[in-house]
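Here the structure is laid out as C-alpha coordinates; the discussion comes afterwards.
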Amino acid sequence: MSGSRQREVVTIGIGQFGVQCSQEIWRLYALEHQINLDGRSDIEQEDYSFRTFFDENSLGQYVPRGLLLDLEPSVCDQVLNTDMKKFFDPEKIVYAPECGANVYARGKYIASKFIHPQMLTQVRKTMENCNSLAFIKLVNAGGGGTGSGYTVRLADGIVNDLSYERIMSFCLQTPETLSTSPTEYYNNLLYLAEGCVDGSIEYEVCFDNEALYKFVPQGCQATYWHVNQLISFTASGLTQNLRYHGELHCDIENMKTNCVPFASLNQLLMTYSPLNTGKKKIDTKLVTWESFRPSNQFLSLDFDKSLHIACALLYRGRTYAALVDETLNTLKHTIKFVQWMPTGYKVGINWAPIVYQENCPWAEPKIAVTKVCNHGAICQMIERYKTNCEKSYDYKAFFHHYLQAGMEEGAFTEATEQATKIIDQYILAIGDGVQE
(Lines give C-alpha, C1' and ligand atoms only; values in the text may rest on other atoms or scores of the structure.)
Protein backbone atom coordinates (compact mmCIF):
# COMPACT_ATOMS: atom_id res chain seq x y z
CA MET A 1 0.00 0.00 0.00
CA SER A 2 1.61 3.23 -1.09
CA GLY A 3 2.10 6.22 1.15
CA SER A 4 -0.13 8.38 -1.05
CA ARG A 5 -3.06 6.01 -0.46
CA GLN A 6 -2.52 5.53 3.27
CA ARG A 7 -5.39 6.80 5.39
CA GLU A 8 -4.84 8.11 8.91
CA VAL A 9 -6.59 7.70 12.22
CA VAL A 10 -6.45 10.18 15.12
CA THR A 11 -6.95 8.61 18.56
CA ILE A 12 -7.96 10.73 21.56
CA GLY A 13 -7.95 9.24 25.08
CA ILE A 14 -10.25 11.18 27.43
CA GLY A 15 -10.42 10.77 31.21
CA GLN A 16 -8.74 8.15 33.40
CA PHE A 17 -9.96 5.16 31.43
CA GLY A 18 -9.28 6.87 28.11
CA VAL A 19 -5.68 7.75 28.99
CA GLN A 20 -4.84 4.38 30.53
CA CYS A 21 -6.49 2.34 27.79
CA SER A 22 -4.88 4.48 25.08
CA GLN A 23 -1.45 3.61 26.48
CA GLU A 24 -2.04 -0.11 25.88
CA ILE A 25 -3.52 0.58 22.44
CA TRP A 26 -0.44 2.58 21.49
CA ARG A 27 1.92 -0.06 22.88
CA LEU A 28 0.29 -2.59 20.58
CA TYR A 29 0.37 -0.26 17.56
CA ALA A 30 4.07 0.42 18.17
CA LEU A 31 4.81 -3.30 18.45
CA GLU A 32 2.91 -4.11 15.25
CA HIS A 33 4.85 -1.50 13.29
CA GLN A 34 8.19 -2.24 15.00
CA ILE A 35 8.52 1.21 16.52
CA ASN A 36 10.29 1.57 19.85
CA LEU A 37 8.83 3.55 22.74
CA ASP A 38 11.41 6.29 22.16
CA GLY A 39 9.84 6.96 18.76
CA ARG A 40 12.62 5.27 16.81
CA SER A 41 12.57 2.16 14.65
CA ASP A 42 15.29 -0.46 14.24
CA ILE A 43 14.15 -1.18 10.69
CA GLU A 44 13.58 0.94 7.61
CA GLN A 45 9.83 1.46 7.26
CA GLU A 46 9.10 0.70 3.60
CA ASP A 47 5.41 -0.15 3.32
CA TYR A 48 4.04 3.10 4.83
CA SER A 49 1.47 1.18 6.91
CA PHE A 50 2.79 2.98 9.99
CA ARG A 51 1.43 6.27 8.62
CA THR A 52 -2.09 5.30 9.68
CA PHE A 53 -1.09 5.93 13.30
CA PHE A 54 2.30 7.64 13.19
CA ASP A 55 3.70 10.81 11.68
CA GLU A 56 7.41 10.80 10.84
CA ASN A 57 9.04 14.11 11.83
CA SER A 58 12.19 15.76 10.46
CA LEU A 59 14.36 14.01 13.09
CA GLY A 60 13.25 10.57 11.93
CA GLN A 61 11.04 9.97 14.97
CA TYR A 62 7.63 8.37 14.68
CA VAL A 63 5.12 10.49 16.59
CA PRO A 64 1.67 9.05 17.43
CA ARG A 65 -1.34 10.68 15.83
CA GLY A 66 -2.89 10.73 19.26
CA LEU A 67 -3.83 12.97 22.16
CA LEU A 68 -4.36 12.30 25.86
CA LEU A 69 -6.68 14.47 27.93
CA ASP A 70 -7.81 14.48 31.53
CA LEU A 71 -9.34 17.17 33.72
CA GLU A 72 -6.96 16.35 36.57
CA PRO A 73 -3.20 15.81 36.34
CA SER A 74 -2.44 12.51 38.09
CA VAL A 75 -3.12 10.05 35.26
CA CYS A 76 -1.30 12.16 32.66
CA ASP A 77 1.62 12.56 35.07
CA GLN A 78 1.80 8.77 35.33
CA VAL A 79 2.27 8.56 31.55
CA LEU A 80 5.16 11.04 31.76
CA ASN A 81 6.83 8.84 34.39
CA THR A 82 6.72 5.57 32.43
CA ASP A 83 8.75 4.16 29.55
CA MET A 84 6.36 6.04 27.22
CA LYS A 85 7.48 9.50 28.36
CA LYS A 86 9.42 10.05 25.10
CA PHE A 87 6.79 8.40 22.94
CA PHE A 88 4.06 11.05 22.92
CA ASP A 89 4.37 14.66 21.84
CA PRO A 90 4.19 16.51 25.21
CA GLU A 91 1.96 19.18 23.63
CA LYS A 92 -0.60 16.45 22.94
CA ILE A 93 -0.91 15.54 26.64
CA VAL A 94 -3.36 18.08 28.04
CA TYR A 95 -4.76 18.25 31.57
CA ALA A 96 -6.44 20.69 33.95
CA PRO A 97 -5.83 21.37 37.67
CA GLU A 98 -9.35 20.22 38.67
CA CYS A 99 -11.50 17.26 37.66
CA GLY A 100 -14.89 16.23 36.37
CA ALA A 101 -15.74 14.75 39.81
CA ASN A 102 -17.96 12.04 38.31
CA VAL A 103 -20.46 14.69 37.19
CA TYR A 104 -21.32 15.00 33.51
CA ALA A 105 -22.13 18.69 33.83
CA ARG A 106 -18.76 19.52 35.48
CA GLY A 107 -16.92 17.74 32.68
CA LYS A 108 -18.90 19.55 30.02
CA TYR A 109 -19.30 23.06 31.44
CA ILE A 110 -16.96 23.78 34.38
CA ALA A 111 -13.70 21.85 34.63
CA SER A 112 -13.04 21.86 30.90
CA LYS A 113 -13.64 25.52 30.06
CA PHE A 114 -10.04 26.65 30.52
CA ILE A 115 -8.38 23.89 28.50
CA HIS A 116 -10.98 23.38 25.77
CA PRO A 117 -9.44 25.96 23.39
CA GLN A 118 -5.99 24.43 23.92
CA MET A 119 -7.29 20.91 23.32
CA LEU A 120 -9.16 21.93 20.19
CA THR A 121 -6.00 23.60 18.87
CA GLN A 122 -4.00 20.39 19.36
CA VAL A 123 -6.71 18.35 17.64
CA ARG A 124 -6.64 20.76 14.71
CA LYS A 125 -2.84 20.54 14.41
CA THR A 126 -2.99 16.75 14.47
CA MET A 127 -5.66 16.71 11.78
CA GLU A 128 -3.66 19.09 9.61
CA ASN A 129 -0.74 16.64 9.64
CA CYS A 130 -2.96 14.04 7.97
CA ASN A 131 -3.30 13.72 4.19
CA SER A 132 -6.46 11.59 4.21
CA LEU A 133 -8.03 11.35 7.65
CA ALA A 134 -10.22 8.23 7.88
CA PHE A 135 -11.84 8.98 11.23
CA ILE A 136 -11.29 10.27 14.76
CA LYS A 137 -11.53 7.66 17.49
CA LEU A 138 -12.41 8.73 21.03
CA VAL A 139 -11.54 6.39 23.91
CA ASN A 140 -13.65 7.24 26.96
CA ALA A 141 -15.79 5.93 29.83
CA GLY A 142 -19.44 6.95 29.64
CA GLY A 143 -19.81 6.81 33.43
CA GLY A 144 -17.06 9.29 34.30
CA GLY A 145 -17.41 13.06 34.52
CA THR A 146 -14.60 13.73 32.05
CA GLY A 147 -15.26 10.67 29.89
CA SER A 148 -18.91 11.60 29.45
CA GLY A 149 -19.24 15.39 29.76
CA TYR A 150 -16.03 16.56 28.15
CA THR A 151 -16.19 13.91 25.44
CA VAL A 152 -19.49 15.40 24.25
CA ARG A 153 -18.08 18.93 24.40
CA LEU A 154 -14.96 17.95 22.45
CA ALA A 155 -16.98 16.06 19.82
CA ASP A 156 -19.25 19.09 19.41
CA GLY A 157 -16.16 21.30 19.00
CA ILE A 158 -14.66 19.04 16.34
CA VAL A 159 -17.90 19.08 14.36
CA ASN A 160 -18.83 22.74 14.81
CA ASP A 161 -15.41 24.44 14.93
CA LEU A 162 -13.23 22.09 12.86
CA SER A 163 -15.98 20.95 10.47
CA TYR A 164 -15.15 17.27 10.74
CA GLU A 165 -17.92 14.72 11.31
CA ARG A 166 -16.44 11.21 11.14
CA ILE A 167 -16.17 10.59 14.89
CA MET A 168 -16.54 7.25 16.63
CA SER A 169 -16.19 6.32 20.28
CA PHE A 170 -14.74 3.33 22.11
CA CYS A 171 -16.88 3.71 25.21
CA LEU A 172 -16.62 1.78 28.47
CA GLN A 173 -20.16 1.35 29.77
CA THR A 174 -21.41 0.83 33.32
CA PRO A 175 -22.28 -2.87 33.89
CA GLU A 176 -25.20 -4.09 35.94
CA THR A 177 -23.27 -5.34 38.98
CA LEU A 178 -19.98 -3.37 38.95
CA SER A 179 -19.95 0.37 39.51
CA THR A 180 -17.44 2.80 41.00
CA SER A 181 -19.77 5.79 41.47
CA PRO A 182 -23.49 6.28 42.24
CA THR A 183 -23.70 8.98 39.54
CA GLU A 184 -22.54 6.73 36.70
CA TYR A 185 -26.05 6.05 35.39
CA TYR A 186 -26.81 9.77 35.19
CA ASN A 187 -23.58 10.32 33.26
CA ASN A 188 -24.16 7.41 30.89
CA LEU A 189 -27.68 8.48 30.06
CA LEU A 190 -26.72 12.11 29.44
CA TYR A 191 -23.71 11.08 27.34
CA LEU A 192 -25.86 8.78 25.24
CA ALA A 193 -28.61 11.38 24.79
CA GLU A 194 -26.48 14.45 24.03
CA GLY A 195 -23.54 12.75 22.30
CA CYS A 196 -24.94 9.84 20.28
CA VAL A 197 -28.65 10.50 19.66
CA ASP A 198 -28.64 13.19 16.97
CA GLY A 199 -25.29 14.27 18.47
CA SER A 200 -21.77 14.75 17.19
CA ILE A 201 -20.59 11.17 17.78
CA GLU A 202 -21.48 9.24 14.65
CA TYR A 203 -21.49 5.87 16.39
CA GLU A 204 -19.96 4.18 19.41
CA VAL A 205 -18.57 0.75 20.25
CA CYS A 206 -19.58 -0.46 23.72
CA PHE A 207 -17.65 -2.53 26.29
CA ASP A 208 -17.95 -3.15 30.02
CA ASN A 209 -15.59 -4.45 32.69
CA GLU A 210 -17.93 -7.14 33.98
CA ALA A 211 -17.91 -8.88 30.59
CA LEU A 212 -14.18 -8.37 30.01
CA TYR A 213 -13.02 -9.71 33.38
CA LYS A 214 -14.19 -13.24 32.55
CA PHE A 215 -11.65 -13.49 29.72
CA VAL A 216 -8.70 -13.04 32.08
CA PRO A 217 -6.93 -16.44 32.30
CA GLN A 218 -7.25 -18.45 35.48
CA GLY A 219 -4.38 -17.79 37.83
CA CYS A 220 -4.22 -14.09 36.91
CA GLN A 221 -5.68 -11.45 39.19
CA ALA A 222 -7.93 -9.44 36.88
CA THR A 223 -6.92 -5.77 36.67
CA TYR A 224 -7.70 -2.80 34.48
CA TRP A 225 -4.49 -3.61 32.58
CA HIS A 226 -6.05 -6.86 31.36
CA VAL A 227 -9.23 -5.04 30.34
CA ASN A 228 -7.23 -2.46 28.40
CA GLN A 229 -5.27 -5.23 26.68
CA LEU A 230 -8.48 -6.81 25.40
CA ILE A 231 -9.77 -3.50 24.10
CA SER A 232 -6.43 -2.91 22.36
CA PHE A 233 -6.95 -6.17 20.42
CA THR A 234 -10.27 -4.87 19.07
CA ALA A 235 -8.78 -1.44 18.29
CA SER A 236 -6.06 -3.13 16.23
CA GLY A 237 -8.54 -5.46 14.55
CA LEU A 238 -10.85 -2.62 13.58
CA THR A 239 -8.06 -0.76 11.75
CA GLN A 240 -6.11 -3.69 10.29
CA ASN A 241 -7.51 -3.24 6.79
CA LEU A 242 -6.42 0.40 6.76
CA ARG A 243 -2.84 -0.77 7.26
CA TYR A 244 -2.29 -4.18 5.72
CA HIS A 245 -2.91 -6.05 2.48
CA GLY A 246 -5.27 -8.98 2.38
CA GLU A 247 -7.57 -11.08 0.25
CA LEU A 248 -10.73 -9.13 1.05
CA HIS A 249 -10.77 -5.45 1.96
CA CYS A 250 -13.03 -4.01 4.68
CA ASP A 251 -11.92 -0.71 6.18
CA ILE A 252 -13.75 1.46 8.68
CA GLU A 253 -16.04 3.01 6.05
CA ASN A 254 -17.10 -0.42 4.76
CA MET A 255 -17.75 -1.56 8.32
CA LYS A 256 -19.85 1.50 9.15
CA THR A 257 -21.85 1.23 5.93
CA ASN A 258 -22.77 -2.36 6.67
CA CYS A 259 -23.29 -2.18 10.44
CA VAL A 260 -25.26 1.06 10.78
CA PRO A 261 -28.35 0.59 8.57
CA PHE A 262 -30.09 3.64 10.07
CA ALA A 263 -28.41 6.65 11.67
CA SER A 264 -30.40 6.12 14.87
CA LEU A 265 -29.11 2.54 15.29
CA ASN A 266 -25.55 3.56 16.07
CA GLN A 267 -24.73 1.48 19.15
CA LEU A 268 -22.26 -1.23 18.13
CA LEU A 269 -20.86 -4.21 20.02
CA MET A 270 -17.43 -5.70 19.59
CA THR A 271 -15.64 -8.89 20.54
CA TYR A 272 -12.41 -10.67 19.70
CA SER A 273 -11.60 -14.35 19.23
CA PRO A 274 -9.83 -16.60 20.11
CA LEU A 275 -9.61 -16.13 23.88
CA ASN A 276 -9.70 -18.88 26.53
CA THR A 277 -10.16 -21.71 24.01
CA GLY A 278 -8.10 -24.23 25.99
CA LYS A 279 -6.50 -26.95 23.86
CA LYS A 280 -8.93 -26.72 20.96
CA LYS A 281 -7.49 -26.45 17.47
CA ILE A 282 -7.63 -22.79 16.48
CA ASP A 283 -8.88 -22.42 12.92
CA THR A 284 -11.31 -20.28 10.93
CA LYS A 285 -14.35 -22.22 12.08
CA LEU A 286 -13.43 -22.10 15.77
CA VAL A 287 -12.66 -18.38 15.97
CA THR A 288 -15.87 -17.56 14.07
CA TRP A 289 -18.10 -19.71 16.26
CA GLU A 290 -16.43 -18.41 19.42
CA SER A 291 -17.05 -14.80 18.34
CA PHE A 292 -20.81 -15.51 18.18
CA ARG A 293 -21.08 -17.40 21.46
CA PRO A 294 -23.28 -15.26 23.79
CA SER A 295 -20.91 -15.82 26.73
CA ASN A 296 -17.94 -14.53 24.72
CA GLN A 297 -19.19 -10.98 24.13
CA PHE A 298 -17.47 -7.87 25.52
CA LEU A 299 -20.73 -6.47 26.92
CA SER A 300 -22.87 -8.08 29.63
CA LEU A 301 -26.26 -8.57 27.96
CA ASP A 302 -28.64 -11.45 27.29
CA PHE A 303 -28.03 -11.91 23.59
CA ASP A 304 -30.44 -14.82 23.29
CA LYS A 305 -33.39 -12.47 23.85
CA SER A 306 -32.84 -10.46 20.69
CA LEU A 307 -31.50 -10.59 17.13
CA HIS A 308 -28.51 -9.48 15.11
CA ILE A 309 -29.19 -6.54 12.82
CA ALA A 310 -25.84 -6.62 10.98
CA CYS A 311 -22.33 -7.92 11.53
CA ALA A 312 -18.78 -7.36 10.26
CA LEU A 313 -16.14 -10.08 10.67
CA LEU A 314 -12.57 -8.82 10.31
CA TYR A 315 -10.17 -11.78 10.00
CA ARG A 316 -6.45 -11.59 10.44
CA GLY A 317 -3.84 -14.28 9.88
CA ARG A 318 -3.94 -17.63 8.11
CA THR A 319 -7.35 -17.80 6.49
CA TYR A 320 -8.90 -17.43 3.04
CA ALA A 321 -12.24 -16.39 1.61
CA ALA A 322 -13.25 -19.97 0.76
CA LEU A 323 -12.76 -21.07 4.39
CA VAL A 324 -14.74 -18.08 5.66
CA ASP A 325 -17.58 -18.72 3.18
CA GLU A 326 -17.76 -22.35 4.24
CA THR A 327 -17.91 -21.35 7.92
CA LEU A 328 -20.57 -18.69 7.41
CA ASN A 329 -22.64 -21.15 5.43
CA THR A 330 -22.79 -23.40 8.50
CA LEU A 331 -23.75 -20.43 10.66
CA LYS A 332 -26.68 -19.11 8.65
CA HIS A 333 -29.27 -21.42 10.21
CA THR A 334 -27.97 -20.83 13.75
CA ILE A 335 -27.27 -17.09 14.04
CA LYS A 336 -30.51 -15.11 14.07
CA PHE A 337 -30.82 -11.93 12.01
CA VAL A 338 -33.77 -9.60 11.47
CA GLN A 339 -36.07 -10.55 8.60
CA TRP A 340 -35.19 -7.60 6.39
CA MET A 341 -31.41 -8.26 6.44
CA PRO A 342 -30.64 -10.17 3.20
CA THR A 343 -27.05 -11.16 3.97
CA GLY A 344 -26.09 -10.08 7.47
CA TYR A 345 -22.32 -10.37 7.16
CA LYS A 346 -19.57 -8.10 5.90
CA VAL A 347 -16.17 -9.81 5.77
CA GLY A 348 -12.63 -8.48 5.73
CA ILE A 349 -9.49 -10.65 5.43
CA ASN A 350 -5.84 -9.67 5.76
CA TRP A 351 -2.76 -11.78 6.26
CA ALA A 352 -0.67 -9.71 8.66
CA PRO A 353 0.69 -11.85 11.53
CA ILE A 354 -0.85 -11.30 14.97
CA VAL A 355 1.42 -9.71 17.57
CA TYR A 356 0.87 -9.35 21.33
CA GLN A 357 2.94 -7.66 24.00
CA GLU A 358 5.66 -9.79 25.59
CA ASN A 359 3.96 -9.96 29.02
CA CYS A 360 0.47 -10.55 27.59
CA PRO A 361 -1.29 -13.49 29.35
CA TRP A 362 -2.91 -14.67 26.09
CA ALA A 363 -0.91 -16.68 23.56
CA GLU A 364 -0.56 -15.31 20.03
CA PRO A 365 -2.85 -17.27 17.66
CA LYS A 366 -2.20 -17.90 13.97
CA ILE A 367 -5.66 -16.58 13.11
CA ALA A 368 -8.06 -14.21 14.89
CA VAL A 369 -11.28 -12.38 14.15
CA THR A 370 -12.61 -9.05 15.37
CA LYS A 371 -16.39 -9.08 15.30
CA VAL A 372 -18.35 -5.81 15.12
CA CYS A 373 -22.11 -6.10 15.23
CA ASN A 374 -25.33 -4.20 15.66
CA HIS A 375 -27.56 -6.22 17.98
CA GLY A 376 -30.95 -5.57 19.52
CA ALA A 377 -29.68 -6.65 22.96
CA ILE A 378 -28.21 -3.16 23.37
CA CYS A 379 -31.74 -2.07 24.37
CA GLN A 380 -31.23 -3.90 27.66
CA MET A 381 -28.31 -1.62 28.55
CA ILE A 382 -30.15 1.56 27.59
CA GLU A 383 -33.29 0.47 29.47
CA ARG A 384 -31.14 -0.22 32.55
CA TYR A 385 -29.67 3.29 32.41
CA LYS A 386 -33.10 4.81 32.03
CA THR A 387 -34.65 2.78 34.89
CA ASN A 388 -31.82 3.45 37.34
CA CYS A 389 -31.76 7.16 36.53
CA GLU A 390 -35.49 7.43 37.08
CA LYS A 391 -35.14 5.86 40.54
CA SER A 392 -32.59 8.48 41.60
CA TYR A 393 -34.37 11.27 39.77
CA ASP A 394 -37.61 10.63 41.69
CA TYR A 395 -35.76 11.64 44.86
CA LYS A 396 -33.62 14.28 43.09
CA ALA A 397 -30.59 12.40 44.44
CA PHE A 398 -27.25 14.04 43.48
CA PHE A 399 -29.31 16.45 41.41
CA HIS A 400 -27.84 19.64 42.84
CA HIS A 401 -24.33 18.75 41.60
CA TYR A 402 -25.54 18.88 38.01
CA LEU A 403 -27.61 22.04 38.45
CA GLN A 404 -24.75 23.87 40.20
CA ALA A 405 -22.49 23.03 37.26
CA GLY A 406 -24.82 24.81 34.86
CA MET A 407 -27.15 22.10 33.61
CA GLU A 408 -30.86 22.76 33.27
CA GLU A 409 -33.33 20.45 34.99
CA GLY A 410 -35.03 19.73 31.69
CA ALA A 411 -31.87 18.02 30.40
CA PHE A 412 -32.70 14.91 32.44
CA THR A 413 -36.21 14.69 31.03
CA GLU A 414 -34.87 15.13 27.50
CA ALA A 415 -32.23 12.46 28.11
CA THR A 416 -34.90 10.00 29.20
CA GLU A 417 -36.94 10.81 26.11
CA GLN A 418 -33.92 10.29 23.87
CA ALA A 419 -33.20 6.92 25.51
CA THR A 420 -36.79 5.89 24.87
CA LYS A 421 -36.38 7.02 21.26
CA ILE A 422 -33.38 4.73 20.73
CA ILE A 423 -35.13 1.77 22.36
CA ASP A 424 -38.21 2.30 20.17
CA GLN A 425 -36.06 2.49 17.04
CA TYR A 426 -34.33 -0.80 17.86
CA ILE A 427 -37.61 -2.50 18.68
CA LEU A 428 -39.04 -1.29 15.37
CA ALA A 429 -35.99 -2.54 13.47
CA ILE A 430 -35.99 -5.95 15.14
CA GLY A 431 -39.70 -6.64 14.72
CA ASP A 432 -40.78 -10.14 15.71
CA GLY A 433 -39.25 -12.28 12.99
CA VAL A 434 -36.07 -14.26 12.38
CA GLN A 435 -34.26 -14.64 9.08
CA GLU A 436 -34.93 -18.09 7.62
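The values are calculated or read from the model by the stated rules, or taken from the named source; none is laboratory data. Note that the structure is predicted; figures quoted are calculated from it, not measured. With ideal geometry, Cβ positions are generated from the backbone for all residues, glycine too; neighbour counts draw on all protein chains shown.
Here is how the numbers come out for the structure above:
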item: From the options LYS285, LYS346, LYS336, residue that is out of contact with any Phe, Trp or Tyr (no Cβ under 6 Å at 6 or more places or on another chain) and modelled with pLDDT under 90; result: LYS336
item: Matching residues in segment 102-127 - criterion: being more than 23 Å from the chain's Cα centre (by Cα) and not basic (Lys, Arg); result: TYR109, ILE110, ALA111, PHE114, ILE115, PRO117, GLN118, THR121
item: Some residue of segment 396-412 being within 26 Å of THR343 (Cβ to Cβ) and not assigned by TED's automatic domain parsing to the domain that holds ALA193; result: no
item: Unmet requirement for ALA310, which otherwise passes all of (1) assigned to a loop (DSSP other than H, G, I, E, B); (2) among the small types (Gly, Ala, Ser); (3) over 16 Å from THR234 (Cβ atoms); result: (1)
item: Selection within segment 40-65 - surrounded by 14 or more Cβ atoms within 10 Å (Cβ to Cβ) and either touching a Gly at 6+ places or on another chain (Cβ under 7 Å) or of a type in the set (Val, Ile, Thr) (or both); result: TYR48, ARG51, THR52, GLN61, TYR62, VAL63
item: Options GLN78, GLN118; residue that is surrounded by fewer than 18 Cβ atoms within 10 Å (Cβ to Cβ), in contact with a strand residue (DSSP E or B) (Cβ under 8 Å, 6 or more places away or on another chain) and either of a type in the set (A, V, I, L, M, F, W, C) or at negative phi (or both); result: GLN118
item: Residues being part of a helix (DSSP H, G or I) and either surrounded by 15 or more Cβ atoms within 10 Å (Cβ to Cβ) or in contact with a helix residue (DSSP H, G or I) (Cβ under 6 Å, 6 or more places away or on another chain) (or both) - total across segment 393-413; result: 6
item: Qualifying residue in segment 357-369 (condition: out of contact with any Pro (no Cβ under 8 Å at 6 or more places or on another chain) and either in the same structural domain as SER148 (by TED's automatic domain parsing) or over 30 Å from ASN228 (Cα atoms) (or both)); result: no
item: Cβ pairs under 6 Å, 6+ apart, first in segment 3-27 and charged (D, E, K, R), second modelled with pLDDT of 95 or more and in a strand (DSSP E or B); result: none
item: Output for segment 405-436, where each listed residue is in contact (Cβ under 8 Å) with a residue 12 or more places away in the chain and of a type in the set (S, T, N, Q); result: THR416, GLN418, THR420, GLN425, GLN435
item: Filtered residues of segment 163-197 (kept if hydroxyl-bearing (Ser, Thr, Tyr) and either touching a Pro at 6+ places or on another chain (Cβ under 6 Å) or not in a loop (DSSP other than H, G, I, E, B) (or both)); result: SER169, TYR185, TYR186, TYR191
item: Total residues in segment 54-68, condition farther than 12 Å from GLN23 by Cα and touching a strand residue (DSSP E or B) at 6+ places or on another chain (Cβ under 6 Å); result: 7
item: Residue satisfying condition, being assigned to a helix (DSSP H, G or I), in contact with a helix residue (DSSP H, G or I) (Cβ under 8 Å, 6 or more places away or on another chain), surrounded by fewer than 20 Cβ atoms within 10 Å (Cβ to Cβ) and not hydrophobic (A, V, I, L, M, F, W, C), within set TYR150, TYR109; result: TYR109
item: Conditions (1) outside any loop (DSSP other than H, G, I, E, B); (2) under 30 Å from TYR272 (Cβ atoms); (3) not polar (S, T, N, Q); number of the one not met by GLU390; result: (2)
item: Hits in segment 313-341 (condition: among the small types (Gly, Ala, Ser) and in a helix (DSSP H, G or I)); result: ALA321, ALA322
item: Qualifying positions in segment 313-342 - of a type outside the set (A, V, I, L, M) and under 25 Å from the mean Cα position of the chain (by Cα); result: TYR315, ARG316, GLY317, LYS336, PHE337
item: Any hit, segment 369-387, residues being part of a loop (DSSP other than H, G, I, E, B), more than 21 Å from the chain's Cα centre (by Cα) and either more than 30 Å from TYR186 (Cβ to Cβ) or not hydrophobic (A, V, I, L, M, F, W, C) (or both); result: no
item: Residue, surrounded by the most Cβ atoms within 10 Å (Cβ to Cβ), within segment 198-248, restricted to residues that are charged (D, E, K, R) and assigned to a helix (DSSP H, G or I); result: ARG243
